[in-house]
Every structure is written in C-alpha cells, then in structure tokens.
1. Can you pull the accessible area of B:W163 for me, 1.4 Å probe, Å² to the nearest 10?
2. If only Cα atoms are counted, what is the Rg of the protein assembly as shown, and what is its Dmax, in Å?
3. Do the alpha carbons of any pairs in A:K85/B:K39; B:K150/B:K358; A:K147/B:K358; B:K74/B:K358; B:K94/B:K262 sit beyond 30 Å of each other, and which pairs?
4. For an R0 of 45 angstrom, estimate the FRET efficiency from the Cβ-Cβ distance between B:Q61 and A:T35 and round to the nearest 0.05.
5. Taking H placed 1.01 Å from N in the peptide plane, check which residues at least 5 places from A:V193 or on another chain put their amide H under 5 Å from its amide H.
6. Quote the charge dipole size of chain A about the Cα centre in Debye, to the nearest 20; the model charges only the Cβ of Lys and Arg (+1) and of Asp and Glu (-1).
7. For a quick check of understanding: with a 1.4 angstrom probe and all protein chains in place, what accessible area in square angstrom does A:D93 have, to the nearest ten?
8. How much of B:F48 can a 1.4 Å solvent probe reach, expressed as accessible area in Å² and rounded to 10?
Amino acid sequence: MAQDGSASTGKTIRSVETAMSVLEAIQRHEPVGVTTITEETDRSKSTVHHHVSTLCEAGYLERVGDQYQLSLTFLTLGGQVRERKQLYHLAKDDVDALAERTGEQSRLIVEEDGLGVTLYRATGEHGAATDTHVGSTQDLYCTAAGKAFLAELPAETVDAYIEDQAFVPYTEHTIDDPETLRKELDAIGSRGVAFDDQEYFEGVRCVASAIGSQSGELLGAISVSAPVERMDEERFRSEIPDQLQNVAGVVEINSAYSEWTDAFSG
Amino acid sequence: MAETQTEVGVVGLGTHGTNHAEILTGMGHEVFGADTNPKSRREFQKRFDTTTYDSPSDLFQSGIDAAVISTPNKFHEPTATEAMDVGLDVLLEKPLAHTLESAERIHEAAIETGNICMVGFHHRYRNACQLVKEYIDEGYFGEITHIDAKFIRRRGVPGRGTWYTSEDIAGGGAMIDIGAHLMDMLLYFSGWAEIDEVMATKRSDFGQHGDYAYIEMWGEDDEAKMYDVEDSVTAACTFEHGMTANIEVAWAANTNSSHSYKLRGTEAGAHVDIVEPHREQVEGVTERRNQLELFEVRKACVDHYVDSEVVVPDNDPYAAQLETFIDAVVAGERPPTTNVDEALRVQRAVDRVYREGKPP
C-alpha cells in the first residue's frame, strides 16, 4: 500500500485538521451552508465561519449565496498531480482505445491509502454506466480494480487491509466477509482478471486487470464497466477480460521500455 | 572469420540475445548486455562473466564496437537508431520493425549515418538455401515460374501471451514472425521481384484461451495474457515477370510441420526442406531434415525423370550470420546479404500481405 507520507512525530496542527475536515464536509455536500458544516465537523459555528472565509480568501472555496463549494483551484492542483503520474501518460491512449473498442466506460485506476483513485476515464458510444469521475475514490474490496490490486499484494498486507475494513454493503451483492474476499483474491490469481458483479453499483458489472512493473511493483489497473443489460455472462467473463488483458499487457511492456525511449528522445 | 576480437553489446537478453552472445563468445569475441529486466541482466552477467546495463544508452557509450539488438519488435527503432546515431554498426533480430513506417525510419537512419545495419534472417545462411540460389543464378532451373513456400508449425505459437502475440508490440502474429523469414527467402529466390497482386486470408484459430494442446511449449508461455494477432496466413501472390507463389504460414495447424520451398522452373525444379532448431521437441519426432532435392526431365533413347538428392554439409546459420556481421564490422563494409535494404523489402511485402489479408 502507498504510504500517506504523514509525519511520524505525532505532532499535528489542529487548525489545519479543522480546515481539512471543513473541505471534506464541503466535498460531500456541496454547495453547503455553515450550519451543515458545523454539524459534520463537530466544531463551533464561529470556527467554521473563520475557516470558510479564510479558504474563500485563499481561492480554495467559492461562495454561492449563503453556501460554499470547492473552487477550480482543486482542479489546478489535481491536474498537476495527474500530469506527474507516468502511468497516466503511458496508458491514456490505450484506455481511449479500449473504450472505443468496447463502447463502454474504461478507467485507469491507481491505489492510494487503501482506496482506488480514478486517474483517467474514457467513455465509449454507449455512455457511462456510473458517475466515477476523475479523482473519485472507491473501496478496494467491492470493486474490480480494487480486487485486482489486492490480489497482487503479499498476504500480510492483505490481512492488515482486511482488518481495517468495515465491509459496507453498497449493494446486496457486496462481499461482506473476509473469507469470501480471500477466496476471490485467490481465484483472480494467475489469470490476473478481477470482477465486480454489481457489488458497488446495483446493475453495473466491471472487469479489471492490474498493471505491474518488471520488478513486481504495482502501478495501477485498467477497468471496463457496463450495465448488466450490455454485459451478459459471455461478455463479462470472457470477451471483455480478453480485450482488457491485451491492453493491460501492452501498457506493462510500454512502461518497462519507457525509460529507454524517454532517454533516447531526451 | 574475423581474426580481430571485437566487443559486442547485446540489447535484449532473452532467448535470442543469449543465443547470439553464446555464439559470439564461442568465436572469441567479448559481449556486454542491456535489458529492462533485472533478472535477465543478472543471468546474463553471471553466464558470460560480464557487465550489463539497464539502459542501452550507457551500453552504447561504453566503448563497444557493434550492437546486436533483440528487443521486442516495437523497440527496434528507438534502440537501433540510437545505436547508429552514436556510430555503432547493428545487427537487428528480424523483422526489421513492428510496422512498415518504423522500418522505413530505421532504413533512413542506416542510410544517413552510413552504419552497417543487418537483419537476422538467418535461414538464408543455410548451405542448402545458398546452393539453391547459386543454381538459380546459374540458370539451372531456367526461369522460375512458381514457388510453393510453407512455414508451418504444428504447435509453435511463440510465448503465448507475451509480446510475441500482441499486435501493438510485435506488429502482427505468425506472418511478421516466421512469415518474415518465408518472405525473405521467397524474395531472395525470386531475385527481389516486386509483388504484383496478393490475395490473402488471415486466421486466428488458437486464440487467447482456446484449447491449446501441445507436446512442448515453444518459448515461454504467459497463459495467453495477450493474444490479438493472427496465427496463420494463406496467400497467393503474383510477381512482376509472371512468377507466382503460394504462401502458407502457421504458428499452429493440424498438419505436419514444414519449412519448405518448392521451386518450379522452366527447366528444372527443387524442393528445399529446412529443419527448425528444436523441432524435435515440438514435433515429438527426431527425423533429420535439411535436404535439397532436384527434379529434371531428360531426353535420351527414352524420355526420363532425374530426381537427385543433394547432400550439403550441415552448418549453423546463426554462426554464419554473426560471422558475416562481425566481418562487415571489422572491414567497415556493408554486407551484400540480409542488409537493411533487403529487410525493408521484406517488411513491405509482409505489410502488403497484412493489408490485403482478410478474415476467412
């Protein structure tokens, strides 16, 4: 799992924590007023008021009447973070091609802090089955990309991950116990394809394959999702996995050789 | 054989790269290596007691005399053009590149830099094939009217699921892999005739997760992770001056394996049958084949057929190819055979078959 990079001294600044929880509350409910933020963050109304004013001043929030929402500054920051990710540059065109070939939504996902983060997505002719925008996060145990990641990790890391999970039942199909999850991770095994059969969104199936480096480092995953009506058993278990693996394999090889080609062109 | 000891950098330390290094060290030359894979580097380093690099740029700057490039097809161009730009002569594994456009750029770099650029169509160095060519040039067969060319493996999909079976990385399947050897030999026998018309069918019958029973896997197997290429091609071609050819290429087919050329001339004919290395493992038979037969009709008191079996000494085509390369490097002269001009013609012909090729 990726480390969160927080200082290990144990010293944190309370007002920064408050600012972060204010931002997170706004992210969940925007546009949102001070009263709701106060309830969500368990801080006083005046504290919240000072924070939103400061954040507005700094350009991180926008005021709409009595309510607040995140500003485009976050896109500026996020765009920069994505640009820095080599995998985004290596896989973008292949994700586009996969979306076009399947007609469905294809996504490039990376793991951070035990969540799958959508780094890029492309949508085929049938449109998107879910609203999983760039930057959105999903739990690992109930998504195809997440399970593809977990299947690549050493047993101890998976154990630690499972220990921390509340196993939220997003749908009636969501895996709700460690044993079922472990069995499924074993099954993903050598074939390297993971499935989400309506486990996160009701009526949506998703297939994913992890992308690794030659030294075994986990780089990310590519997924294809579609509503059940367009994803029958044959397409879900065979056709899409084959198409996905052709693309995932190419991204792995291109990434292995990227340093060579970069060095030459530079 | 060159008397001078040379230092050769091998880029891509898989089966082919290691095989080249084995022969080169056997010939008394020194080898160095580069690969993206740390495991391949360690193995090569240990086996040849040498230095390896994770970047070919560093290898190219290390003072070597020449480079042998055996990376996946897609990376031939960046690696070979970089090598030639810094003044190195190169021997590339066949095919020249994964696409015609990429092949043209390598050709251009070879012309611009003036470095030697040879491509590993090693079958051409077989004694039997060179002898046939000499008979052709002497006019023994009269005019060649038709060639039946086959490169069929009963079960020989190379590295299922690795880059070999990926369109993006290899540029195609059986046709660009073993079909490139076949096309090279065909054009060589034809005197590098231009193709006029092509009718071709490409099939993929042994796909990603289909049943694939075999005696021994050809190369490494990655459980067919990637597989989006054709595994066989059948084609009929007409050439300028009226020559025709039937082409059969297959990585897997339910028939006998065969790598053979049946030439029909106006005066005589020939069958040349090439044994593939390791074929015994794949086929489960140890029948020895590397033979040449000639077919004539003579007039005498009675008209009669004369069929002769030609016995040529066995030679190692890989070693003959590397000797040609090293000799060329030492002499600083472009070799007349399997050079970048011929390799580009082969690439054009393979590309033509792909463009004309339709699914059944």
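1. Its accessible surface works out to 50 Å², give or take rounding.
2. Just the Cα atoms of the protein assembly as shown yield Rg and Dmax of 30.2, 122 Å.
3. Where the Cα-Cα span goes over 30 Å, the pairs concerned are A:K147/B:K358.
4. Values: r = 67 Å, r/R0 = 1.48.
For B:Q61 and A:T35, the calculated efficiency is 0.10.
5. Result for A:V193 returns nothing.
6. Numbers: 21 positive and 47 negative charges, 173 e Å.
The dipole of chain A has a size of about 820 debye.
7. Here the residue's solvent-accessible area equals roughly 100 Å².
8. Per-residue accessible area (B:F48): approximately 30 Å².
The values are calculated or read from the model by the stated rules, or taken from the named source; none is laboratory data. Everything quoted here is computed from the prediction, not taken from an experiment. Note that we place each Cβ from the backbone using ideal geometry, even for glycine, and neighbour counts take in every protein chain shown. Remember, those area values only see protein heavy atoms, side chains included, never the ligands or the DNA or RNA. Shrake-Rupley method; radii C 1.70, N 1.55, O 1.52, S 1.80 Å.
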